[in-house]
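The values are calculated or read from the model by the stated rules, or taken from the named source; none is laboratory data. On a predicted model such as this, the values are computed, not experimentally measured, just so you know. Because the Cβ atoms are built from the backbone with ideal geometry, glycine has one as well, and the counts that use them run over all protein chains shown.
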Amino acid sequence: MKVSAHRAFALLKELAYVRVSGTEAEKTAAQRLLAEAQSTGAEAHIEEFTVKAGRVDHAKLVVTEPYVKEYEVTGYERGLNTPEGGLDAEFYYAENVSPVHLKNVKGKVVLINGRLRKKDYEKLQKAEVAGILTFSGSTIDRLSDTDCDIRKLREVLTDAHGDCVALNMRAADAAEMVRRGARKVHVEFKGENYDATSQNVCAVIEGTQYPDEIISFGAHYDSVHFSTGVYDNMSGSVILMELLRYFSEYKPARTLKFNWYGSEEQGLLGSKAWVAAHEDELDKHVLMINIDVAAATLGTNIAPVLATEGAVGYVDALMRELGVACETKLDIYSSDCVPFADKGVPAVNLCRFGTQGAGYIHDRRDNLKSNYLDERALDITLQQALYLTKRVDSAAVFPIERKIADEIKDKVDEYLFKKDKKD
């Protein structure tokens, strides 16, 4: 039996719908992946875990001085409710939250550039702002072709620094507010916080020669709001399924564990939950292979390696041997490999990035109608993953040292907020 990009792409088409963390759609996708995994003959099951979720019932932003205009906004899930009737406050544009700006934000509704990051949230909360505004998209987006992003106040923000009223708006509207000199705003927000259930789909094939050495595979299958997530990351999920199908027939020397992670888009919650639940076996894991984004027709192949320079050289040599152009480098990657590297398990990420103008992520354009994915391109990453797995699995002595370079440890610690990021 050979792996089939055509079969993988057919499964991708079947699962091309929005699958947000903790929703029924995510659960439906998990059940479909489970059924497909079981059809290979492998032992497969679902492991559930709890995620912090939120529902936004109402969000409103109105400029009240020196002009009056209501702007479209979305509330941050798990944000702080405003008092009954909303709140009225001065407006201030704090740009990149510099010390100069922080002197002027107390008691105000503050607009910042781009995303709400942990350090900025901490600074704004300590400065006692009344509310936070962020923006998404670009100033030239067409209203009919874009959405106002739905975002979430993650626990890494609120657990340490408390709750806050937070809204997101379009970049063009944010620019208009600043350009027209908005001074005062009226803000309303009402929502509900609750616990939801997410799922990891797990399968295992026991090794025939070295069963106590485990190669772990990962790909997340959830998406963000508005996005069908065919690129990010159903493409990786269906590649994983082809690997499971192949090694179910051609039994591996080492034990292979396949995990389709839920809730990655909410902060790697699925892989964090899996690592926590299986910590007693992690010393047997010799490598984690993660696949996150593939199938872009116009793009480049990249393989960040969370291990050592020796591992980078080994992976790079294999890709050359295979005849696939791939930028292999010692670096972290914002995906489900991180919790494994945090526990000392070397990881290799295989990804194909769509080039500018031919790759869409985290918005409505990540869909099949955008016509920027194809099965031939998906086959590139599929063949990379199969070749790498076959070579490391069949080695008499495992060829990648179970070691994480100090610079990668530092980057992982920074990513997981265990230490401050170096300037």
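For region 65-78, what are the residues that are buried (at least 16 other Cβ atoms within 10 Å of the Cβ) and either over 23 Å from Thr146 (Cα atoms) or not assigned by TED's automatic domain parsing to the domain that holds Leu116 (or both)?
Within region 65-78, Arg78 is the sole residue that qualifies.
Pick out the one residue from Asn301, Asn259 that is modelled with pLDDT of 95 or more, under 28 Å from Lys27 (Cβ atoms), touching a helix residue (DSSP H, G or I) at 6+ places or on another chain (Cβ under 8 Å) and of a type outside the set (Lys, Arg).
When all the criteria are applied, what remains is Asn259.
Can you list residue pairs whose Cβ atoms sit under 6 Å apart, with the first residue in region 127-147 being touching a residue at least 24 places away in the same chain (Cβ under 8 Å) and closer than 17 Å to Val63 by Cβ and the second being assigned to a loop (DSSP other than H, G, I, E, B) and charged (D, E, K, R)? Count only pairs 6 or more apart in sequence or on different chains.
Pairs found: Ala130/Lys108.
Quick check on my filter: what residues within region 400-418 are free of Cβ contacts under 8 Å to residues at least 12 places away in the same chain and in a loop (DSSP other than H, G, I, E, B)?
Correct list: Lys418 only.
When you check Thr158 against the structure, is it of a type in the set (Ser, Thr, Tyr), out of contact with any Ser or Thr (no Cβ under 9 Å at 6 or more places or on another chain) and at pLDDT 95 or above, yes or no?
Judged against the criteria, Thr158 is a match.
Among the residues of region 55-79 satisfying the criterion of being touching a Leu at 6+ places or on another chain (Cβ under 8 Å) and not charged (D, E, K, R), which is farthest from Arg180 (Cα to Cα)?
Of everything passing the filter in region 55-79, Gly79 is farthest from Arg180 (Cα to Cα).
Identify, from the list Ile408, Ile400, the residue that is buried (at least 16 other Cβ atoms within 10 Å of the Cβ), within 23 Å of the chain's Cα centre (by Cα) and under 23 Å from Ile215 (Cβ atoms).
Criteria check complete, one pass: Ile408.
Considering only region 170-191, I want to know if a residue exists there that is assigned to a helix (DSSP H, G or I), charged (D, E, K, R) and within 29 Å of Arg19 (Cα to Cα).
Scanning region 170-191 turns up at least one residue that is assigned to a helix (DSSP H, G or I), charged (D, E, K, R) and within 29 Å of Arg19 (Cα to Cα).
Considering only residues that are of a type in the set (S, T, N, Q) and surrounded by 18 or more Cβ atoms within 10 Å (Cβ to Cβ), which ones fall in region 139-157?
Matches in region 139-157: Thr146 only.
Looking at region 331-360, which of its residues are of a type in the set (A, V, I, L, M, F, W, C), surrounded by fewer than 24 Cβ atoms within 10 Å (Cβ to Cβ) and out of contact with any Lys or Arg (no Cβ under 9 Å at 6 or more places or on another chain)?
Phe353, Ala358
Considering only residues of region 317-333 that are in a loop (DSSP other than H, G, I, E, B) and more than 22 Å from Leu382 (Cβ to Cβ), which is farthest from the chain's Cα centre (by Cα)?
Filtering region 317-333 for residues that are in a loop (DSSP other than H, G, I, E, B) and more than 22 Å from Leu382 (Cβ to Cβ), the one farthest from the chain's Cα centre (by Cα) comes out as Asp331.
With Cys148, Cys164 as the choices, which residue is in the same structural domain as Glu72 (by TED's automatic domain parsing), hydrophobic (A, V, I, L, M, F, W, C), over 22 Å from the mean Cα position of the chain (by Cα) and not in a helix (DSSP H, G or I)?
Cys164
What number goes with the only condition from (1) in contact with a Ser or Thr (Cβ under 9 Å, 6 or more places away or on another chain); (2) more than 17 Å from Glu242 (Cα to Cα); (3) of a type in the set (Lys, Arg) that Arg402 does not pass?
So Arg402 meets the others, but not (1).
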